[in-house]
Amino acid sequence: MTDAAQKLVGPLTFTALTGRPVATDPYTNETGVHVEHIRLADFADVVVIAPATGNVIGKLANGIADDVLTSTLLAVTCPVIVAPAMNVRMWEHPAVRRNVATLREFGYEIVEPDAGFLACGDVGKGRLAPPEQILARVRARLAASDRKRS
Ligand SMILES: Cc1cc2nc3c(=O)[nH]c(=O)nc-3n(C[C@H](O)[C@H](O)[C@H](O)COP(=O)(O)O)c2cc1C
């Protein structure tokens, strides 16, 4: 989780829901032996960023790695699925349009946001895609990776 994500939802909530540790800081880790973002990158079969902010999309498009999430992303070789969520004006900003296009060039799969009422009260495209839709894309990617391996 990024620092901003932790201001909205505490990491303990995710630990309780998943029964797994939550990585928040690239300079600490579970074992004290491994470099956490490289360990996570090696371990991953697929990476899903949901919700992906305009900020993180901008960082990834430019190779910035200044937290545990973006550092891990620079080190992964597995499929990456990005599900953006933001205000409609942010989604339509030319910088975000360009950054999303760059992520597609990297081979990242983008799960387009839905249109409708947004948390800020505006109406437009920017709502996180339904979780079932994101999960279906994850399953499809994992099935494709399994087919490649066999
Ligand atoms: C209540 C609240 C909700 C926010 N929701 C979003 C959002 O849905 N999408 C987005 O791109 N930014 C949103 N922001 C702005 C981000 O928190 C801000 O850009 C932050 O720097 C993102 O950091 P991160 O990408 O490292 O998580 C929100 C901010 C606040 C205060």
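Listed values, structure above:
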{"item": "Qualifying residue in the stretch 28-46 (condition: closer than 20 Å to Pro131 by Cα and in contact (Cβ under 8 Å) with a residue 40 or more places away in the chain)", "result": "yes"}
{"item": "Output for the stretch 85-109, where each listed residue is under 17 Å from the mean Cα position of the chain (by Cα), within 13 Å of the ligand (Cβ to nearest atom) and within 16 Å of Asn62 (Cα to Cα)", "result": "Val96, Asn99, Val100"}
{"item": "Residues (out of contact with any Leu (no Cβ under 7 Å at 6 or more places or on another chain) and surrounded by 12 or more Cβ atoms within 10 Å (Cβ to Cβ)) located in the stretch 124-141", "result": "Lys125, Leu128, Ala129, Pro130, Gln133, Ile134, Leu135, Ala136, Arg137, Val138, Ala140, Arg141"}
{"item": "Positions within the stretch 43-62 being of a type in the set (Gly, Ala, Ser) and within 15 Å of the ligand (Cβ to nearest atom), in sequence order", "result": "Ala50, Ala52, Gly54, Gly58, Ala61"}
{"item": "Tally of residues being part of a helix (DSSP H, G or I) and either within 16 Å of the ligand (Cβ to nearest atom) or more than 16 Å from the chain's Cα centre (by Cα) (or both) across the stretch 1-42", "result": "19"}
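Quick note: the coordinates plus some simple rules give every number you see, no bench work behind them. Just so we're clear, the structure is a prediction, and the values are computed from it rather than from any experiment. Every residue, glycine among them, receives a Cβ derived from its backbone with ideal geometry; neighbour counts consider all protein chains shown.
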